[in-house]
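See below for the structure under consideration.
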Amino acid sequence: MKKFLLCLIAFVFLITGCGKYGEKDVINDLDKKISKSKGYFLEGILEIVNDENIYTYNVEVSYQKDDQYKVSLVNTSNNHEQVILKNKEGVYVITPSLNKSFKFQSDWPYSNSQIYLLQSILSDIKADDKKTFKVNDNTYIFSTEVNYPNNRKLVKQDIILNKKLNLEKIKVYNEDNVAMMTMKFEKIDFSPTFKKNYFNLDTVIKSAKTVENSKSVGMIEDTIYPLSLPSGTKLVSEEKIKKDDGERVIMTFEGEKPFLLVEETANVYGEMTVIPTNGEPYMLQDSYGVLANNSLSWSSSGIEYYLVSDVLNQDELVDVAQSISVLPTMK
């Protein structure tokens, strides 16, 4: 009789799926792994697609409890480095090559999805009631919605973990199911040791000694024009001005949605300068910039760009900015 009962219980477990490691188990254990960790350090490779161009970054992320983050992104094509730092004083976007740092009063990184931050990835999984989950070979795959408020073209992502619940890869897709961003995780350490003052601004500045392959630019050889303009808007004037240490081009676009675009040779400060700013850090194709209500500014290949409009919304500002190719184009 006892043997019969044991067989019956085993059969019930089998047909009801009891004991099977499924979606809820993966989420719960992943939550514990990330939430209970005092910190982590990860390395990976990020690829961003913009039109026919692919921008590749070496990424390092350091996190320590009490809301401290340090993210280093190095463009592999020119060795250009930018560092995003969050500590008790605020949020900073640091460009070592220009000796410049923008300081934000921002809720970054919690305002939208972040492809290289574990907390953000977990949050996307937990927040999406319509997510899908599947087991494929030795991996778990979640498909979820994403939250990129200023890039509505990004709609979903595939999150791939191995059986030890370590992230392997994330792909973010647009409306046409084309992967626009891919993050490959090469190393994740949940027991890192960070030195004292590791997340201090001065420490980060001193440790960021990347030497770029590109030379400093003293003149603008070719004006670069946006490939995408709002309907009913066109370039009406262009003026090149000499600066003490370079050049500046001012382009005026008029029509239904007018805006001003300024391109100028970047100034390298003699020492690191912190610039307080209103807005949010925003990643374009090859650089982190500053996105405010009516403006977007960034630097790329020795040129600084300023895009300003009283009419364009943030999505439209981003569309124009992302259409400014690194190669000169015709008007």
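The values are calculated or read from the model by the stated rules, or taken from the named source; none is laboratory data. The structure presented is a predicted model; accordingly, all values stated were derived computationally and were not measured. All Cβ positions, even for glycine, are placed from backbone atoms using ideal geometry, and neighbour counts span all protein chains on display.
Quick notes on this structure:
- Residues located in the range 235-260, provided they are exposed (fewer than 13 other Cβ atoms within 10 Å of the Cβ) and closer than 24 Å to residue 311 by Cα: 236, 237, 239, 256
- Among (1) touching a residue at least 24 places away in the same chain (Cβ under 8 Å); (2) within 16 Å of the chain's Cα centre (by Cα); (3) farther than 19 Å from residue 256 by Cβ, the one test that residue 298 misses: (1)
- Search result, residues across the range 201-224 that are of a type in the set (S, T, N, Q), modelled with pLDDT under 85 and either more than 23 Å from the chain's Cα centre (by Cα) or assigned to a loop (DSSP other than H, G, I, E, B) (or both): 210, 213, 214, 216
- Residues (under 17 Å from residue 22 (Cβ atoms) and assigned to a helix (DSSP H, G or I)) located in the range 123-138: 125, 126
- Candidate set: the range 145-181, residues that are more than 19 Å from residue 131 (Cβ to Cβ) and among the polar types (S, T, N, Q); chosen: the one surrounded by the most Cβ atoms within 10 Å (Cβ to Cβ): 151
- Among the residues making up the range 128-142, a single one is basic (Lys, Arg) and surrounded by 12 or more Cβ atoms within 10 Å (Cβ to Cβ): 131.
- Long-range neighbours under 6 Å by Cβ, at least six apart or interchain, first residue more than 19 Å from residue 201 (Cβ to Cβ) and surrounded by 21 or more Cβ atoms within 10 Å (Cβ to Cβ) within the range 69-80, second at pLDDT below 90 and not β-branched (Val, Ile, Thr): 75/286; 80/212
- On inspection, residue 263 qualifies as among the acidic types (Asp, Glu), modelled with pLDDT of 95 or more, in contact with a Phe, Trp or Tyr (Cβ under 7 Å, 6 or more places away or on another chain) and buried (at least 16 other Cβ atoms within 10 Å of the Cβ).
- All of 187, 195 fail the test of being more than 23 Å from the chain's Cα centre (by Cα), more than 30 Å from residue 20 (Cβ to Cβ) and not hydroxyl-bearing (Ser, Thr, Tyr), apart from 195.
- Tally of residues being out of contact with any Leu (no Cβ under 9 Å at 6 or more places or on another chain) and over 17 Å from residue 55 (Cβ atoms) across the range 176-190: 3
- Which numbered condition residue 98 fails, given (1) surrounded by fewer than 16 Cβ atoms within 10 Å (Cβ to Cβ); (2) in contact (Cβ under 8 Å) with a residue 24 or more places away in the chain: (1)
- From the list 307, 312, the lone residue that is of a type in the set (A, V, I, L, M, F, W, C), crowded, with 20+ Cβ neighbours inside 10 Å, part of a strand (DSSP E or B) and over 17 Å from the mean Cα position of the chain (by Cα) is 307.
- Taking the criterion of being out of contact with any helix residue (DSSP H, G or I) (no Cβ under 9 Å at 6 or more places or on another chain), of a type in the set (Val, Ile, Thr) and touching a residue at least 40 places away in the same chain (Cβ under 8 Å), the residues of the range 143-193 that qualify are 172, 178, 182.
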